[in-house]
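Here the structure comes first, spelled out in structure tokens, and everything after it is commentary.
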Amino acid sequence: MTRTLTIVPRWAGHSGSDFYPWLLRERPPGFDAVRALDMPEPKQPTIGTWVPALTATLGTAPAPGTVLMGHSVGCQAVVRYLAELPPGSTVDGVLLVAAWWGVDKPWDSLVPWMETPVDLSRVRAASRRFVVLLSDNDPFTSDFRENGRLWKERLGAEVVLAPGARHFNGEREPAVLDALRLHFGETLTP
């Protein structure tokens, strides 16, 4: 079985920004392919454009061995994509980097991502594992403990803390590679 990691970028991010090119070069162990997506209108992401773009890319029955990684708003896009999969369609796992349910000072175009309901039971059923990677000094979500608690409560996620990583916007983010190695480096067993 081919294992593929698909990266959904942050707000205003693209396949060449942040740590994505570095991660593609590093190719985490256990993955045959790693790709970072370019999403529509990255400076004004909407649920109505990003979720259909993921469906167009991944389909409604993701290939066996698919692992998704979202970064910031990309996490919300991944969660909402999973909620729309038909029953029985699943991915092997999900890594959510700098994930949030809300931010400290939301701007107008961010509010729909926070306030539009999502079917959490469908999301939980659509992935075999959720890992959330947070920082203790993220400038957008200062209460990392509460943020982590919500991910555990809502999706049963394992929450990993990377001290001092801010919003994971560096050209290299070793904590992301470490999380992939530790939690997704080998084929997941049912």
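The values are calculated or read from the model by the stated rules, or taken from the named source; none is laboratory data. Given the structure is predicted, the values throughout are model-derived calculations rather than measurements. Every residue, glycine among them, receives a Cβ derived from its backbone with ideal geometry; neighbour counts consider all protein chains shown. Surface accessibility is based on the protein's heavy atoms, side chains included, excluding ligands, DNA and RNA. Shrake-Rupley method; radii C 1.70, N 1.55, O 1.52, S 1.80 Å.
Each of residue 161 and residue 15 was given a label point 7 Å from its Cα along the Cα-to-Cβ line. The distance between the two points is 3.7 nm.
Rounded to the nearest 20, the size of the Cβ-charge dipole of segment 65-131 about its Cα centre is 240 debye, with Lys and Arg at +1 and Asp and Glu at -1. From the alpha carbon centroid of segment 75-132 to that of segment 135-190 is 14 Å.
Farthest toward the positive end of the dipole of segment 1-118, out of 50, 31, 76, is the Cα of 31, where the dipole comes from beta carbon charges about the Cα centre. Charged side chains reduced to their Cβ positions (Lys and Arg at +1, Asp and Glu at -1) give the chain a dipole of some 320 debye around its Cα centre. Placing pseudo-labels 7 Å out from each Cα toward the beta carbon at residue 137 and residue 57 gives an inter-label distance of 3.1 nm.
Per atom type, segment 62-190 shows carbon and sulfur on 51% of its accessible surface, probed at 1.4 Å. Normalised Debye scattering of segment 91-165 at q = 0.13, 0.14 Å⁻¹ gives log10 I(q)/I(0) of -0.39, -0.45, counting only Cα atoms as equal scatterers and leaving out solvent. Residue separation of residue 107 and residue 153 scaled by 0.36 nm, minus their Cα-Cα distance, works out to 14.0 nm of gained length.
The label point for residue 124 and the one for residue 46, both projected 7 Å from the Cα toward the Cβ, are 3.2 nm apart. For segment 1-87, the solvent-accessible area of protein heavy atoms averages 38 Å² per residue (probe radius 1.4 Å; ligands and nucleic acids excluded).
Looking at the chain, which longest stretch skips every one of the GluC sites (Glu not before Pro) that is in a DSSP loop with at most 11 other Cβ atoms within 10 Å, leaving the sites themselves out? Intermediate values should be presented prior to the final figure.
On the way: sites that count: 171, 186.
The longest such stretch corresponds to 1-170.
Could you point to the label whose value was computed as Kirkwood radius over Cα pairs in Å for the structure here, given [x] 18.2; [y] 16.3; [z] 17.7? Working out Kirkwood radius over Cα pairs in Å from the coordinates points to [y].
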